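The values are calculated or read from the model by the stated rules, or taken from the named source; none is laboratory data. What you see is a predicted model; the values in this text were computed from it and never measured. Cβ placement follows ideal geometry from the backbone for every residue including glycine, while neighbour counts extend to all protein chains displayed. The area values use the complete protein model at the heavy-atom level, side chains included, leaving out ligands, DNA and RNA. Shrake-Rupley method; radii C 1.70, N 1.55, O 1.52, S 1.80 Å.
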Amino acid sequence: PVTGLELQVEQLEKELKSQVAEISSARALRGKLESTEVLKEKLAQAVARAARAEGALASASASHVETTVDQSDLQSWKTVMGEKFGQDASPYDVLQNVSKLEKSVLQLTEECGRTKAESKQALRSREDLERNCKSLSEEKESLKEHINEMKITALRHDRKISLLQKERDGLKRIIASYDEEELSLRPADGAGAA
């Protein structure tokens, strides 16, 4: 029974380790989701700057007062967009990329939700396994104590048996000595009677 308990404890420890790995992958997935959110925010800011730059360019054609500032903003926008989406990226391309990023964020959010649920389940399973391990360990200790008590009781019984055997042997010797004495006295009784 003790060996079976030890095997159960080992199996529970293996399950615990696999659930720890699942929790680590959930944390990695959450990190990806957070970086996607940051990129989405930066892209939205860039699109807003681009819209402002285009609006400024349109008003500059009506009044040529701030043409150099607007050109600078537009050039900055194009440079940023060129670095992020390629030199030939149009506002439509940027919107498509934003749409793709939103879909990615939704997918990652769903995956994160599933992973969180799996993580919670894994934590519950881990807690159950830890409780089972503790219970099995306590049961194992109880069995060990019971075995030790039985060994001590067996030793006491062995000692009693040994003492009783010694006492029996002593009594046999005494009886044998009485028998010898009786035999030795009988011929003397027979000689006295004759």
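Among the residues of the stretch 46-70, those identified as open to solvent by 90 Å² or more (accessible area, probe 1.4 Å) and modelled with pLDDT of 80 or more are 49, 52. Please go through the stretch 28-45 and pick out each residue that is without any contact (Cβ under 8 Å) to a residue 60 or more places away in the chain and open to solvent by 100 Å² or more (accessible area, probe 1.4 Å). Matches in the stretch 28-45: 34, 41, 42. In the stretch 77-86 there is no residue matching the filter, namely being at pLDDT 75 or above, surrounded by 13 or more Cβ atoms within 10 Å (Cβ to Cβ) and of a type in the set (Lys, Arg). Would you be able to say whether some residue in the stretch 6-21 is open to solvent by 80 Å² or more (accessible area, probe 1.4 Å), within 18 Å of residue 118 (Cα to Cα) and under 14 Å from the mean Cα position of the chain (by Cα)? Yes. Name the residue, out of 103, 144, 116, that is open to solvent by 100 Å² or more (accessible area, probe 1.4 Å) and touching a residue at least 40 places away in the same chain (Cβ under 8 Å). The unique qualifying residue is 116. Would you call residue 182 without any contact (Cβ under 8 Å) to a residue 12 or more places away in the chain and closer than 30 Å to residue 8 by Cβ? So residue 182 does not fit the description; no.
A Cβ distance below 8 Å, combined with a sequence gap of six or more or placement on separate chains, defines the contacts here; from the stretch 1-27, residues that are farther than 28 Å from residue 145 by Cα reach residues that are of a type in the set (Ser, Thr, Tyr) and part of a helix (DSSP H, G or I) in the pairs 15/125; 19/125; 22/119; 23/119; 25/115; 26/115; 26/119.
What residue, of 164, 183, 129, is among the aliphatic types (A, V, I, L, M) and exposed (fewer than 10 other Cβ atoms within 10 Å of the Cβ)?
Values: 164 fails: exposed (fewer than 10 other Cβ atoms within 10 Å of the Cβ); 129 fails: exposed (fewer than 10 other Cβ atoms within 10 Å of the Cβ).
Unique residue meeting the criteria: 183.
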